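Peer 1: Here it is: the structure, laid out below.
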Amino acid sequence: MVISYDQLSQLADFIDDKKGRDISILDLKGISIITDYFMIATGNSKTQTKAIADHLLEKLPEVGIPILRVEGLPEAEWILLDCGDLVIHIMLPETREFYNLEKLWGDAQRVVL
């Protein structure tokens, strides 16, 4: 499946609906054989990261994106939604700062919507 910029924009809006912040999208095509995009967002608490994930789990099928696997529940410090060509990371601020995926995948282009 090919993920479109329109779908990425819709997902960013869904995250924003639940007050997720610092949404970042990395284009990993040509860098990773695992996925084409990472979408990374921050939730202020475990309750909020769970709310963002629950909202996305409800909305992803509506925009034609399959959900293959969910990791990180119930701990909710780092929730990962594997959608094949897109992997969504919802993290607490300290977890996001510690793992710094944007730096780890520094060769990736950032997608600007």
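Peer 1: Do the conditions hold for D36, that is, is it in contact with an Asp or Glu (Cβ under 6 Å, 6 or more places away or on another chain) and at pLDDT 95 or above?
Peer 2: It is true that D36 is in contact with an Asp or Glu (Cβ under 6 Å, 6 or more places away or on another chain) and at pLDDT 95 or above.
Peer 1: Separate question: Of the conditions (1) surrounded by 13 or more Cβ atoms within 10 Å (Cβ to Cβ); (2) touching a strand residue (DSSP E or B) at 6+ places or on another chain (Cβ under 8 Å); (3) of a type in the set (D, E); (4) free of Cβ contacts under 8 Å to residues at least 40 places away in the same chain, E71 satisfies every one except a single condition; which number is it?
Peer 2: (1)
Peer 1: OK, next. Given (1) in contact with a strand residue (DSSP E or B) (Cβ under 8 Å, 6 or more places away or on another chain); (2) farther than 19 Å from K103 by Cα; (3) surrounded by fewer than 20 Cβ atoms within 10 Å (Cβ to Cβ); (4) not acidic (D, E), where does S24 come up short, assuming only one miss?
Peer 2: Just one mismatch for S24, condition (2).
Peer 1: Looking only at segment 48-106, filter to residues that are part of a helix (DSSP H, G or I) and of a type in the set (V, I, T); which one of those is nearest to Y5 (Cα to Cα)?
Peer 2: Only one residue tops the list, namely V63.
Peer 1: Next question, about the same structure. With respect to D17, determine if the residue is farther than 11 Å from D85 by Cβ and free of Cβ contacts under 8 Å to residues at least 12 places away in the same chain.
Peer 2: no
The values are calculated or read from the model by the stated rules, or taken from the named source; none is laboratory data. All figures in this text were calculated on a predicted structure; none of them were measured in a lab. Heads up, the Cβs are rebuilt from the backbone with ideal geometry, glycines too, and the neighbour counts pull from every protein chain shown.
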